[in-house]
Amino acid sequence: MTNTRAIVGAAVSYLRKNPEEVLRHVVRASALTFGVPIASLQWLASRLPQARAVSEIAVESAPPGLRFRCVATVMATSVRVSAVVSIRDVAVSPDALRVTFRLSDVTLEIVGAAAGSPVAALIQSGVLDLSKPGKIANFIPNRPAFIVEADDDRIVVDIMQVPKVAANSRARTLLSLLAPVVGVRSVESDSAYVWVAFRARLAGLKEVAARLRAHA
């Protein structure tokens, strides 16, 4: 499992090799915009533990989003999945963190000798409208609770409904404190970075102070 020390070590090594990036980030930070190197996401993807259901995870730039590739195993059939994912909106509230994703350029390709399987037959039939993956998500059996909306090319996920996050009291407390004062303006990529632009809500400081007194 990828650990924190390895991540920090990789980040330090990257900045040593690219010292000009420090100034670039300082300038952006003054506008509450922070960048995550796509190379770091690629590094993390290459070190994710391989699972039976999902493997060969890859990430690459596809402005304003990212292209994700992987091999997914569905009903004993291996499918190579590729899609461009962009974030259209992030809504932060004291008890929810909703992210609206747009999926485009979705492709599915059967891997190996599984042409006769039900999944392969469904994909090869052309019945699936890959331009509207949100509609397909609506037919997922036992759809996870964190997928709160799905339609056309949109999928809305509430991070706070992910079981491990929902069970984390510290994460919920942190969100309740940040939500009144911090918002997300945009999340966009270029050829090298994913840039997250925040907005400050100074009017929310009184609410944060009240919550801190309540937790004291």
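All of the numbers you see were taken from the coordinates with simple rules; none came from a lab. Keep in mind that this is a model prediction, so the values were computed, not measured. Glycine also receives a Cβ, built like all others from the backbone with ideal geometry; neighbour counts cover every protein chain displayed.
Size of the dipole of the range 45-178 about the Cα centre, Lys and Arg at +1 and Asp and Glu at -1 on the beta carbon, nothing else charged, in debye to 20? Walk me through the numbers on the way to the answer.
Numbers: 15 positive and 12 negative charges, 82 e Å.
With only Lys, Arg, Asp and Glu charged at Cβ, the dipole is about 400 debye.
Pick out, from 64, 147, 116, the residue whose Cα sits farthest towards the positive end of the charge dipole of the range 52-174, with +1 on the Cβ of Lys and Arg and -1 on the Cβ of Asp and Glu.
Highest projection toward the positive end goes to 147.
Starting from the Cα of residue 47, step 7 Å along the direction of its Cβ; do the same at residue 121; then give the gap between the two resulting points in nm.
Label-label distance for residue 47 and residue 121, simple model: 4.4 nm.
For residue 178 and residue 149, calculate 0.36 nm times their separation in residues minus their Cα-Cα distance, and state this gained length in nm to one decimal. The partial results should precede the final answer.
Values: separation 29, 0.36 × 29 = 10.44 nm, distance 2.41 nm.
Length difference between fully extended and current span is 8.0 nm.
Could you tell me which residue out of 160, 210, 195 lies farthest along the dipole of the range 147-216 toward its positive end? Charges go on the beta carbon: Lys and Arg +1, Asp and Glu -1, centred on the Cα centre.
Positive-most Cα among the choices belongs to 210.
Assuming 0.36 nm per residue, please report the length gained on full extension of the stretch residue 76 to residue 185 beyond their Cα-Cα distance.
Working: separation 109, 0.36 × 109 = 39.24 nm, distance 4.13 nm.
Fully extending the segment from residue 76 to residue 185 adds 35.1 nm.
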